[in-house]
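The next block holds one structure in the form of structure tokens; read it before the comments.
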Amino acid sequence: QAKELGRGEFRFFSDSMNRNSAARVRLESDLRRAVTEESFVLFYQPKLDLETGRFSSMEALIRWPHADGMISPADFIPLAEETNLIVPLGEWILRRACLDAVALGERLGQVPGVAINLSARQFRQAGLIDSVRAALEESDIVPGKVELEITESMVMDDVEAAIKTMQALRDLGVRLAIDDFGTGYSSLSYLKRFPVNTLKIDRAFIRDLTRDSEDAAITQAVIALARALNLHVVAEGVETHEQLAFLGEHRCASVQGFLLARPGPIESMPALFSKTFI
Ligand code: C2E
Ligand code: MG
Ligand code: MG
Ligand code: MG
């Protein structure tokens, strides 16, 4: 059954929705057409570097403008995975994000970092390495400017295979981040074997940071863990000045969230990247 998401977004189907229901069949054929016609939009949400007080990179977040309104990636990425449409869609996202970052770099005089989310199926698919290489070559972006975000659950069902994939990606020169860190099932012993550069602390811990002493303790511990393992650390979902102050005090390297900027079109980035905070 449909569930309201707020901010004008609407959840179109849930796990309980019948696989063959008319709405799902229609959504699937709309998705197939949208992939062919490349009728998606990438929004970007910048990340603030707390040391410099400036935005230094941005995360690509896909949007699907649809006759029924804007469909959230939480709703169509799972469908794209089930139908394997994630493969061409994922390739489009990689290409578009790299091209956008390079074009923005021409305006700013410096190419910003660009983070791109990978889905589980995309991560496991054999052609991933070639897709990433093709996007790097086509855009001519410095590979170290690209950070691919994966989640713990994506790597945990076949750890050895995942480490091989991560290493192959690192060999292309791109960076890797663990997204939503702290909510998955990875054990700390694996963390040291994962060739990742960044931990993104899940929004769930940031939300109640200033009210819940356990969330505060977890956040501090992840920041300390990242520092000890020489990893970059980003807090996502920062919505209040109090959260920002806490993260600054505990020397979190970067922050991202509605307080600093909501995801927006690439056209809105130049103005943001020329601002200084703090
Ligand atoms: P994520 O990668 O963890 O992205 C963060 C989500 O939190 C985004 O939702 C973003 O709009 C939202 N967000 C950012 N700051 C705040 C904040 O301060 N407060 C709150 N409440 N939310 C905030 P979005 O864009 O709806 O994306 C949801 C998820 O869908 C993403 O989670 C990611 O897992 C997936 N996704 C988005 N774009 C892509 C994509 O291009 N490819 C793939 N494979 N997955 C994507
Ligand atoms: Mg992400
Ligand atoms: Mg996240
Ligand atoms: Mg998430």
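For the chain, the longest principal axis of the alpha carbon atoms and the long axis of helix 86-108 meet at an angle near 50°.
Can you tell me, using C-alpha contacts under 8 Å and at least 6 residues apart, the relative contact order of the chain as a whole percent?
Working: 461 pairs, mean separation 51.2, N = 278.
It rounds to 18 percent for the chain.
Rounded to the nearest 10 degrees, what's the angle between the helix 128-139 long axis and the longest principal axis of the chain, both from Cα atoms, 0 to 90? So the helix axis and the longest Cα principal axis differ by about 80 degrees. Taking 22 Å as the straight-line reach from the Cα of Lys47, the lysines in range (excluding those fewer than 8 positions away in the same chain) are Lys145, Lys200, Lys275. In order along region 109-122, phi translates into HN-Hα couplings of x, 7, 6, x, x, 9, 9, 10, 6, 9, 9, 4, 5, 4 Hz, rounded to whole numbers, per the Karplus curve 6.51 cos²θ - 1.76 cosθ + 1.60 with θ = phi - 60° and x for Gly and Pro.
At 1.4 Å probe radius, can you tell me the per residue accessible area of region 179-221 in Å²?
Working: 2310 Å² over 43 residues.
With the other protein chains kept in place, region 179-221 gives 54 Å² per residue.
Rounded to the nearest whole Hz, the Karplus-based 3J(HN,Hα) values (6.51 cos²θ - 1.76 cosθ + 1.60, θ = phi - 60°) of region 262-267 follow the sequence 7, x, x, x, 4, 4, with x at glycine and proline. With the whole protein complex present, Val111 retains an accessible surface near 40 Å², based on a 1.4 Å probe.
For Val146, the residues whose amide H sits under 5 Å from its own are Val114, Arg175, ignoring neighbours fewer than 5 places away on the same chain, with H placed 1.01 Å from N. Checking every one of the chymotrypsin sites (Phe, Trp or Tyr not before Pro) in region 135-221 against DSSP loop status and a limit of 14 other Cβ atoms within 10 Å picks out Tyr185.
Close amide H contacts of His232 (hydrogens built in the peptide plane, cut-off under 5 Å, sequence separation of 5 or more or a different chain): Thr198, Leu199.
Which residues does a label at Ala161 reach in region 107-149, if reach means a backbone N under 16 Å from a point 7 Å past the Cα toward the Cβ? Residues 119-129 fall inside that zone. Amide H to amide H, with H built 1.01 Å from N, Glu59 comes under 5 Å of Gln45, Lys47, Ala115, counting only residues 5 or more places away or on other chains. The phi-based Karplus calculation (6.51 cos²θ - 1.76 cosθ + 1.60; θ = phi - 60°) puts the 3J(HN,Hα) values of region 163-175 at 5, 4, 5, 4, 5, 5, 5, 4, 5, 6, x, 7, 9 Hz, whole numbers, x for Gly and Pro.
The values are calculated or read from the model by the stated rules, or taken from the named source; none is laboratory data. Since we're looking at a predicted model, the values are computed, not measured. Methodologically, a virtual Cβ is constructed for each residue, glycine included, from the backbone with ideal geometry; neighbour enumeration extends over all protein chains shown. When the accessible area is computed, the model is the full protein with side chains, heavy atoms only, and any ligands, DNA or RNA have been set aside. Shrake-Rupley method; radii C 1.70, N 1.55, O 1.52, S 1.80 Å.
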